[in-house]
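*Asks:* My questions all concern the structure below.
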Amino acid sequence: MKHYSVMLTESIDGLNIKPDGIYIDGTLGYGGHSSEILKTLTTGHLYSFDQDEEAIEYANERLSKINDNFTIIHSNFANMKEKLAELGVTKVDGILFDLGLSSPQIDNAERGFTFMNDAPLDMRMDRSCKLTAETVINTYTYDQLTDIFFIYGEEKMSKVIAKKIVNERQNKPIKTTKELVNIIEKAVGAKYFNKQHPERQIFQAVRIEVNGELDVLKKVLPDAISLLNKNGRISVITFHSLEDRIVKQLFKKESEVDELVKGLPIIPAKYQPKLK
């Protein structure tokens, strides 16, 4: 299985890894970033999170060939702080998040993440979860679908697409990715479909909803910051404007001096920004 990690050098360099440090890979995937971190560690330790059993099985074998200074935690990274506390870890030296889908997840047609292959409407990263893309498409109201498509997909034809889905599912349930793509095309017309590719935005929106991706990100980032030792680092790889905005806004907020004391010649310690 070939899998190339995105921005591998930049994200690892950003962590400024110490051989004896404690590091977190919040998104293990198929182990690309974790492998590079592990190669640098001598007496340090790596804790890697993932909720995808297939990815964990593959990555465990890959990492074991490097050294055994790692622990894989089968959990959504939203539970990072709690899961680490169970292992006695309360402070770390670096945390990495790679928020994109891994290419093997996309390539595995039966997972339903991509509109390029016909597959069941699934899109679950954790296959033990009950909510699937099929449930979203077939049971959410017109208003709910419109909101998801517009907010998570930033798709301007959201209302038209949502209305078409609601109408079509009255005839029979929408079960596959191909059926959904065809409905999207019928809703917007061939000209708009071929030029703007709204299926990309709709699939992104449904995937975010199924996996609660943005809520998870909003929860974990403050926890991650609180876990860092002084001079610790966070590297975050985002893949669309929604994720990017959440990360940048929080990092900006946590790196600014409180308005109450801004301008003072000496800033009291409790008002110092958490991040640089």
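*Asks:* So which of E254, E199 ends up being surrounded by fewer than 17 Cβ atoms within 10 Å (Cβ to Cβ), touching a residue at least 12 places away in the same chain (Cβ under 8 Å) and acidic (D, E)?
*Replies:* E254
*Asks:* So, in the stretch 214-239, how many residues would count as being open to solvent by less than 50 Å² (accessible area, probe 1.4 Å) and in contact (Cβ under 8 Å) with a residue 60 or more places away in the chain?
*Replies:* Number satisfying all stated conditions: 15.
*Asks:* Among (1) free of Cβ contacts under 8 Å to residues at least 24 places away in the same chain; (2) aliphatic (A, V, I, L, M); (3) part of a loop (DSSP other than H, G, I, E, B), which single condition is L28 missing?
*Replies:* L28 satisfies every listed condition except (1).
*Asks:* Given the conditions (1) within 30 Å of D50 (Cα to Cα); (2) free of Cβ contacts under 8 Å to residues at least 24 places away in the same chain; (3) not aromatic (F, W, Y), which single one is not true for N194?
*Replies:* (1)
*Asks:* All but one of (1) touching a strand residue (DSSP E or B) at 6+ places or on another chain (Cβ under 8 Å); (2) open to solvent by 90 Å² or more (accessible area, probe 1.4 Å) hold for Q249, so report the exception by its number.
*Replies:* Failing condition for Q249: (1).
*Asks:* Further, regarding this structure: Across the stretch 12-34, what is the number of residues that are crowded, with 21+ Cβ neighbours inside 10 Å and among the polar types (S, T, N, Q)?
*Replies:* 2
*Asks:* Something else: With A55, A59, A78 as the choices, which residue is under 24 Å from I208 (Cβ atoms), in contact with a Pro (Cβ under 8 Å, 6 or more places away or on another chain) and not in a loop (DSSP other than H, G, I, E, B)?
*Replies:* A55
*Asks:* Which members of the stretch 147-178 meet the condition of being buried (at least 18 other Cβ atoms within 10 Å of the Cβ), among the acidic types (D, E) and assigned to a helix (DSSP H, G or I)?
*Replies:* E168
The values are calculated or read from the model by the stated rules, or taken from the named source; none is laboratory data. Just so you know, these numbers come straight off a predicted model, no measurement behind them. In this analysis, Cβ positions are derived from the backbone assuming ideal geometry, glycine residues included, and neighbour counts consider all displayed protein chains. When the accessible area is computed, the model is the full protein with side chains, heavy atoms only, and any ligands, DNA or RNA have been set aside. Shrake-Rupley method; radii C 1.70, N 1.55, O 1.52, S 1.80 Å.
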